[in-house]
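The values are calculated or read from the model by the stated rules, or taken from the named source; none is laboratory data. Keep in mind it's a predicted model, so treat the numbers as computed, not measured. Ideal geometry is used to build each Cβ from the backbone, glycine not excepted, and the neighbour counts take in all protein chains shown.
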Amino acid sequence: MESQYGRTADGMQNNTGVKKENNSETTKRGRSIEFIFRILAMALTLVAAILAGTNKETQMVPFTVSQTLPPLNIAVTAKWHYMSAFVFYVVSNAVACSCAAISLLFSILSPKGESAMTLMIIILDVVIMGLLFSANGAAASIGVIGLKGNSHVQWRKVCNDFHKFCNIMLVSGALSLLGSCVFLLLVVLSILNIYKKSR
């Protein structure tokens with residue numbers, strides 16, 4: 001009886017040790033994935049903000065003053081800060097990049113994953129995710145008008161004149177959208193980690 005009881009106790013201890021090792025490996029793997037996602041989010045939003053913030057193009061655009069006179073060619077410059085939606089877009093990506101860097105620093109400084117720090121980072125990720133998605137939507141709406149115009153309010157399309165400006169903004173928008181998706185994945189990953197800890 002004693003030997004049987006001893007074997008049972010040893011078996012329970014071994015199972016407990018295996019579970020702890022598995023949980024430790026899972027936690028390390030999850031934190032490694034989180035670090036990669038945060039670095040990726042920081043890089044994507046940084047490049048998106050730089051591309052949009054340095055985007056500028058000058059073209060000679062013909063303007064018709066009168067039907068009896070030939071059109072006048074006037075130098076027109078397209079810049080990101082001429083549209084409030086693009087200003088919101090650039091600032092949002094800059095804020096997202098800064099917050100990704102700060103959250104990455106906090107994650108490194110608290111390797112054990114303190115509950116208060118983890119909760120603060122999750123809330124920050126949710127806020128930045130919403131901010132980025134809204135900024136991308138605002139920039140995309142202006143991009144569609146620039147590409148196709150709006151005949152109802154007599155807004156002419158401008159991307160046929162400013163090809164470079166529109167193409168750079170398109171690349172920037174794609175990178176920013178990827179950054180938004182990475183923040184979404186970070187939120188999902190955090191929720192899954194909380195669920196695993198609660199079991």
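Per-structure values
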| read-out | value |
| --- | --- |
| Any hit, the range 128-140, residues being under 12 Å from the mean Cα position of the chain (by Cα) and of a type in the set (Val, Ile, Thr) | yes |
| Residues (touching a Phe, Trp or Tyr at 6+ places or on another chain (Cβ under 8 Å) and within 16 Å of Leu124 (Cα to Cα)) located in the range 69-99 | Ala96 |
| Residue within the range 27-34 that is modelled with pLDDT of 85 or more and surrounded by 10 or more Cβ atoms within 10 Å (Cβ to Cβ) present | yes |
| Residue count for the range 35-49, restricted to those that are at pLDDT 95 or above and exposed (fewer than 14 other Cβ atoms within 10 Å of the Cβ) | 0 |
| Single unsatisfied condition, Ile108 versus (1) modelled with pLDDT of 80 or more; (2) among the β-branched types (Val, Ile, Thr); (3) within 26 Å of the chain's Cα centre (by Cα) | (1) |
| Count of residues meeting criterion [of a type in the set (Asp, Glu) and exposed (fewer than 14 other Cβ atoms within 10 Å of the Cβ)] in the range 95-145 | 1 |
| Among (1) under 19 Å from Leu104 (Cα atoms); (2) surrounded by 17 or more Cβ atoms within 10 Å (Cβ to Cβ); (3) modelled with pLDDT under 90 - the single one Cys159 does not satisfy | (1) |
| Pick from the range 66-89, criterion assigned to a helix (DSSP H, G or I) and closer than 23 Å to Asn160 by Cα, ranking: nearest to the chain's Cα centre (by Cα) | Tyr89 |
| Filtered residues of the range 136-168 (kept if of a type in the set (D, E, K, R) and outside any loop (DSSP other than H, G, I, E, B)) | Lys148, Lys164 |
| Residue count for the range 175-193, restricted to those that are farther than 14 Å from Ser92 by Cβ and surrounded by 13 or more Cβ atoms within 10 Å (Cβ to Cβ) | 10 |
